[in-house]
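Each remark here refers to the structure printed beneath this line.
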């Protein structure tokens, strides 16, 4: 196999938790940062609550490959009830497993058998407190930016302003930015 | 006019809807529930927000959507719709009628599997079921191409030597819901390129009354079909002219096919749509390993670019064709067309047929590599249909 050309992320969530939107927002921010980008969802049954996946590829060169991401650099799990050994399939121990949970690294390690770096953030509570809705994708995005440095946090903030700016009042935009920043600040990683 | 492009990360559906906004057709008719696509959702919003002055007709079925578009086009309007999978299948009867009336309708089709069993994911069975309907069929590899073809298709459909409807095919989910960078051209530039429709024999021209859709039996039906065949042949002459103008206007070059690393390639893979991206990725890998491989993307499937294929594939060691559809009891549609085109070439390559990705089954670099390896090892049998990524 040839050297890896792109940075790859695999999102696991349930339909309605915003994995697709988060992956899309990340792609938009990375494009603005001058990168080549890809974001695409993989739907199973099209209904709220069904497990789904979404993918990102980000690179310094034009991205050609279009198949599902099998060897991600990061696995993001938006719903801890999806944790199982299958969820870290293809994730090498140099990679990162980022999980939305109130529990600790040991819980995640036990559920998945993953021996690499585990990061946890209580994204649902942050979302409930700041956005007043249990859609944890924005704080997860903040946490992802922190643990990967893939784009500057400000780039995501800009996207939030642009995306919500047309449809929502300023307080909604501010709430989302606070949720993003708290995800960024409150994520904790094992070593 | 200055060409300042806006580079954005969007889904294929959004890219196509944006092209439709810029084209601003007189009429769009669509059936607004599953199996629809976000294209119509986006476009309906443009209509609701007053961004376009298009008459949007929400109808009660896909059959009615195509009927309404046929009526509008016959009246002299620039008319569009968009559909997918079983929606296209339900249009089927009127799809043929649109072509036989020589109506320059443009229809983006998000390619998805036909049921059953029920499946919503990508394959080309919907487009292939309309292969012989008399529509021009373009296939996009990327969201950029889906956007570009939607614009280009208007000119192709409306050219007076063609006057045929065009399907702009884009792979379901992979492109329609996949986000990647697209360069949008300025509105004025797109509007200038597509220009105004010149209606031919419009129903609304009451000074010159005409009849559309009369009975046409053994006396003239055959002659009318002959004219339709001629119109399709004319696409081969007209398309390069429009593509050239497109390139001069927007800076992107299109043709019937796109050769990739073909100069000295001994083994060539032929395919439609988004899979060409992954094929190019594997071609690059194999080239790095010293293999003389290349690929040939089919941008235009109908009319089929037979002469271009003959010229480009004559004398190659082998040609591998990937199909995302089957024809039960016969060869897969793209393979059949390529094989038939190569019947008369002087130095006929070895041929291999590979079916992949039905119902959205993921096509991975390793699958494509496997098919290339068969070609490189001389392990191809022209009369054998093989499968990639299938449990047997």
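Being within 11 Å of another protein chain (Cβ to nearest Cβ) and part of a loop (DSSP other than H, G, I, E, B) is the filter; apply it to the range B:261-309 and report the residue that is nearest to residue B:127 (Cα to Cα).
Looking at residues that are within 11 Å of another protein chain (Cβ to nearest Cβ) and part of a loop (DSSP other than H, G, I, E, B), I get B:273.
Filter the range B:333-366 for residues that are away from chain A (no Cβ under 14 Å), closer than 28 Å to residue B:126 by Cα, in contact (Cβ under 8 Å) with a residue 12 or more places away in the chain and out of contact with any helix residue (DSSP H, G or I) (no Cβ under 9 Å at 6 or more places or on another chain) and give the result.
B:335, B:339
With the condition kept exactly as written, say whether any residue in the range B:93-104 is surrounded by 24 or more Cβ atoms within 10 Å (Cβ to Cβ) and not in a helix (DSSP H, G or I).
Among the residues of the range B:93-104, at least one is surrounded by 24 or more Cβ atoms within 10 Å (Cβ to Cβ) and not in a helix (DSSP H, G or I), which makes the answer yes.
Tell me, please, whether a residue that is buried (at least 23 other Cβ atoms within 10 Å of the Cβ), under 15 Å from residue A:18 (Cα atoms) and modelled with pLDDT of 95 or more can be found in the range A:80-95.
The answer is no; no qualifying residue exists.
Residues that are away from every other protein chain (no Cβ under 14 Å) and touching a helix residue (DSSP H, G or I) at 6+ places or on another chain (Cβ under 6 Å): list the strands (runs of 3 or more DSSP E) wholly contained in the range B:160-260 that include at least 1 such residues.
Qualifying strands (runs of 3 or more DSSP E): B:166-171, B:257-260.
If I filter the range B:109-132 for residues that are buried (at least 24 other Cβ atoms within 10 Å of the Cβ), touching a residue at least 24 places away in the same chain (Cβ under 8 Å) and at positive phi, do I get at least one hit?
no
Does residue A:68 satisfy being out of contact with any helix residue (DSSP H, G or I) (no Cβ under 7 Å at 6 or more places or on another chain), closer than 25 Å to residue B:369 by Cα and within 14 Å of chain B (Cβ to nearest Cβ)?
Criteria met by residue A:68.
Given B:369, B:386, which one is outside any loop (DSSP other than H, G, I, E, B), within 14 Å of another protein chain (Cβ to nearest Cβ) and either within 17 Å of residue B:331 (Cβ to Cβ) or touching a helix residue (DSSP H, G or I) at 6+ places or on another chain (Cβ under 7 Å) (or both)?
B:369
Could you grab the pairs with beta carbons closer than 9 Å, sequence gap of 6+ or different chains, first residue in the range B:206-221 and surrounded by 10 or more Cβ atoms within 10 Å (Cβ to Cβ), second one part of a loop (DSSP other than H, G, I, E, B)?
B:210/B:201; B:210/B:202; B:210/B:203; B:212/B:101; B:212/B:201; B:212/B:203; B:213/B:101
Within the range B:261-270, which residues are out of contact with any helix residue (DSSP H, G or I) (no Cβ under 7 Å at 6 or more places or on another chain) and either under 18 Å from residue B:103 (Cα atoms) or touching a residue at least 40 places away in the same chain (Cβ under 8 Å) (or both)?
Of everything in the range B:261-270, those that are out of contact with any helix residue (DSSP H, G or I) (no Cβ under 7 Å at 6 or more places or on another chain) and either under 18 Å from residue B:103 (Cα atoms) or touching a residue at least 40 places away in the same chain (Cβ under 8 Å) (or both) turn out to be B:265, B:266.
Going by the conditions given, is residue B:77 in the same structural domain as residue B:129 (by the TED database), over 16 Å from the mean Cα position of the chain (by Cα) and crowded, with 24+ Cβ neighbours inside 10 Å?
no
Given the range B:1-85, what helices (runs of 4 or more DSSP H) lie entirely inside it while holding 3 or more residues that are closer than 21 Å to residue A:24 by Cβ?
Passing ranges, in order: B:12-23, B:38-48.
Quick one: count up the residues across the range A:40-54 that are within 9 Å of chain B (Cβ to nearest Cβ) and crowded, with 16+ Cβ neighbours inside 10 Å.
Looking only at that region, the number is 4.
Of the numbered conditions (1) in contact with a helix residue (DSSP H, G or I) (Cβ under 9 Å, 6 or more places away or on another chain); (2) in contact (Cβ under 8 Å) with a residue 12 or more places away in the chain, residue B:45 fails exactly one; give the number of that condition.
(2)
On the given criteria, is residue A:37 touching a residue at least 24 places away in the same chain (Cβ under 8 Å), facing chain B (nearest Cβ under 7 Å) and either touching a helix residue (DSSP H, G or I) at 6+ places or on another chain (Cβ under 7 Å) or part of a loop (DSSP other than H, G, I, E, B) (or both)?
yes
Across the range B:132-159, what is the total count of residues that are part of a loop (DSSP other than H, G, I, E, B), farther than 13 Å from residue B:98 by Cβ and touching a strand residue (DSSP E or B) at 6+ places or on another chain (Cβ under 7 Å)?
3
Quick one: is residue B:318 over 20 Å from the mean Cα position of the chain (by Cα), within 22 Å of residue B:367 (Cβ to Cβ) and buried (at least 20 other Cβ atoms within 10 Å of the Cβ)?
Considered against the rule, which asks whether it is over 20 Å from the mean Cα position of the chain (by Cα), within 22 Å of residue B:367 (Cβ to Cβ) and buried (at least 20 other Cβ atoms within 10 Å of the Cβ), residue B:318 comes out as yes.
Can you tell me which residue within the range A:55-65, out of those that are more than 10 Å from chain B (Cβ to nearest Cβ) and assigned to a strand (DSSP E or B), is nearest to the chain's Cα centre (by Cα)?
Selected residue: A:58.
Only one of (1) facing another protein chain (nearest Cβ under 8 Å); (2) buried (at least 24 other Cβ atoms within 10 Å of the Cβ); (3) in contact with a helix residue (DSSP H, G or I) (Cβ under 8 Å, 6 or more places away or on another chain) fails for residue A:23. Which number is that?
(3)
With the condition kept exactly as written, say whether any residue in the range A:99-112 is touching a helix residue (DSSP H, G or I) at 6+ places or on another chain (Cβ under 6 Å) and either modelled with pLDDT under 95 or under 25 Å from residue A:59 (Cβ atoms) (or both).
No, the range A:99-112 has no match at all.
Yes or no: the range A:84-91 includes at least one residue that is more than 21 Å from residue B:363 (Cβ to Cβ) and within 13 Å of chain B (Cβ to nearest Cβ).
no
I'd like to check something: does the range A:43-50 contain any residue that is without any contact (Cβ under 8 Å) to a residue 24 or more places away in the chain and either assigned to a strand (DSSP E or B) or closer than 21 Å to residue A:139 by Cβ (or both)?
no
Rundown of residues vs (1) surrounded by fewer than 20 Cβ atoms within 10 Å (Cβ to Cβ); (2) in a loop (DSSP other than H, G, I, E, B); (3) within 17 Å of the chain's Cα centre (by Cα), yes/no style:
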| position | (1), (2), (3) |
| --- | --- |
| A:97 | no, no, yes |
| A:109 | yes, no, no |
| A:114 | no, yes, no |
| A:125 | yes, no, yes |
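Hey, could you check the range A:171-188 for residues that are part of a helix (DSSP H, G or I) and in contact (Cβ under 8 Å) with a residue 60 or more places away in the chain and say which is surrounded by the fewest Cβ atoms within 10 Å (Cβ to Cβ)?
The selected residue is A:186.
The values are calculated or read from the model by the stated rules, or taken from the named source; none is laboratory data. Everything quoted here is computed from the prediction, not taken from an experiment. Cβ sites come from the backbone with ideal geometry, for glycine too, and all protein chains shown count toward neighbours.
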